[in-house]
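Down below is the structure, laid out as structure tokens.
The values are calculated or read from the model by the stated rules, or taken from the named source; none is laboratory data. Predicted model, so just to flag it, every value in this text is computed and none were measured. When we count neighbours, we look across all protein chains shown, and the Cβ atoms used for this are built from the backbone with ideal geometry, even at glycine. Accessible surface areas use protein heavy atoms only, side chains included; no ligands, DNA or RNA. Shrake-Rupley method; radii C 1.70, N 1.55, O 1.52, S 1.80 Å.
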Amino acid sequence: MRDDVLPVAVQTRALALAAENQLPAYLYDLPALRAQATQIRDALAGAGVEFLYAAKANPDPELLRVIAPLTDGIEVASGGELEHVTDALPGARVAFGGPGKTDRELMTAIRRGVWRLHVESLRELNRVIALAGRRPVDVLLRANLPFGVTGAALNMSGPFGMDEEALAVAARTARDAAAAGSGVRVRGVHVHLASGLDAEQKLTLDRRVLAWALWWMGEHLPGLESPEVNLGGGMTVDYAEPGHHFDWESYAKGLAELSDGSCVLRVEPGRSVSVHAGYYVSDVLDLKHTRGQAYAIARGGTHHLRTPATKGHSQPFVALAGPGRTGEPLDNDELTVVGQLCTPKDQLATGVPVRDLRIGDVLVFRMAGAYAWNISHHDFLMHPHPTFAYLDAAD
Ligand SMILES: *Cc1c(COP(=O)(O)O)cnc(C)c1O
């Protein structure tokens, strides 16, 4: 776990933040983010596949401004995200999905000229038709397909999307509404069935989804020009192997082979875009042994970085000799790193070998750029919020 592959600019800034008493801090490497998003964009564009970024992975406006120009749009999952993204990125193309959209959220989407609306149920479609009137609203119908996914970290069946029967009624309902003057148009289908898939697993799933979608759209959306298939996100990242990235090159190549050019293909990854560009930087407040276990108590904790607690992994980190390091060095093969919360669940990492770790050393947790700060319970115990720092091209 203690591999020392940390960009020099990240190390330098992490130590500077420690020296300035700015810890804990989130540190975002914007040039690295730009490089990652560019690589994804280039791979997908080469395959003729559209690229949306799922903002719920990390909606920080600084990150959105780096990512958005490299994408075909931003996917949002609530009215709050919709307003946040359209405020941060005026004029951006926004696709709005997610269950339980309220009338208020739907009206915001219609007024703000949402680019695509991913409709989750027949009732929702009927409400969109009623609210839109003659205003144009381009819709994808979200499908819930019985394609079991082996190897997925999270299967997304459950309440999302519609079965074949509801989809058929939805297609007919939209067609009838359009004939009666509604501005609502069904442009295709949206499918997001699993997350945590590597390129090969995702392609295996996408092959089934696409075959189904082409057949279904042919049957139920006859005559539709440039039908659209959104294949969702869920591209894996590996917290045990921070250097291992989703293979966008072979994924894009595989998609190009699947596609016969008869429809618009689109994906909407979140985690795999931003996870590697974020760091949670903390320092060691205390080192102790109790009941045979060695602990490092880090400033902050899972109220800032909940990811290891929710996903049950050790958050990978690199320990740097801190500017104010003090006390006896700790050597241990099975260290547990916890935060400042009064709960045994406040664990950032377990079973980690460390050498010469001291109080005041700086812990740079990697892979904290997605589902990290924004999924955490910030105000539990009322500790101060972290500092937010950004590396840019000048660093
Ligand atoms: C969360 C979500 C995504 C992004 O998933 P990642 O695992 O972050 O790539 C994309 N589409 C939908 C509908 C989602 O709910």
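Numbers at a glance
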| quantity | calculated |
| --- | --- |
| Tilt relative to the chain, helix 8-19 - C-alpha long axis, 0 to 90 degrees, to 10 | 60 degrees |
| Those lysines that a straight Cα-Cα span of less than 30 Å connects to residue 288, excepting residues fewer than 8 apart in one chain | 311, 345 |
| From phi via Karplus (6.51, -1.76, 1.60), per-residue ³J(HN,Hα) for the stretch 122-134 in Hz, x at Gly/Pro | 5, 4, 5, 4, 4, 5, 4, 4, 5, 6, 6, x, 8 |
| Partners for residue 101 among lysines (Cα-Cα distance below 21 Å; same-chain residues under 8 apart left out) | 56 |
| Extension reserve of the residue 84-residue 290 stretch, reckoned as 0.36 nm per residue once the Cα distance is removed | 69.6 nm |
| Crossing angle, helix 199-220 versus the chain [Cα axis fit, 0-90 degrees, rounded to tens] | 20 degrees |
| For the stretch 97-269: rounded, prolate or oblate by the Cα gyration tensor [a/c cutoff 1.5] | prolate |
| Three-way shape label, the stretch 58-169, alpha-carbon gyration tensor, a/c 1.5 | oblate |
| The chain: radius of gyration over Cα atoms, expressed as a fraction of 2.2 N^0.38 Å | 1.08 |
| Max mean-square fluctuation residue, GNM over the chain, Cα-Cα springs under 10 Å, options 373, 212, 115 | 212 |
| Top of 53, 280, 239 by mean-square fluctuation, Gaussian network on the chain, Cα under 10 Å | 239 |
| The chain, accessible area per residue, ligands and nucleic acids excluded (1.4 Å, Å²) | 42 Å² |
| For residue 247, distant residues with modelled amide H under 5 Å away | 199 |
| Peptides ranked, highest mean first, by Cβ atoms within 10 Å: ranges 182-195, 283-296 | 182-195, 283-296 |
| Label-point separation in nm, residue 126 to residue 311, each point 7 Å along Cα→Cβ | 4.0 nm |
| Neighbourhood net charge (10 Å Cβ-Cβ; Lys/Arg +1, Asp/Glu -1) for residue 220 | 0 |
| Computed label-point distance, nm, for sites residue 147 and residue 5 using a 7 Å Cα→Cβ extension | 3.1 nm |
| Degrees between helix 164-179 axis and first principal axis of the chain (Cα, 0 to 90, nearest 10) | 60 degrees |
| Among beta bridges that DSSP assigns inside the stretch 97-269, antiparallel share in %, nearest 5 | 10 percent |
| Among beta bridges that DSSP assigns inside the chain, antiparallel share in %, nearest 5 | 40 percent |
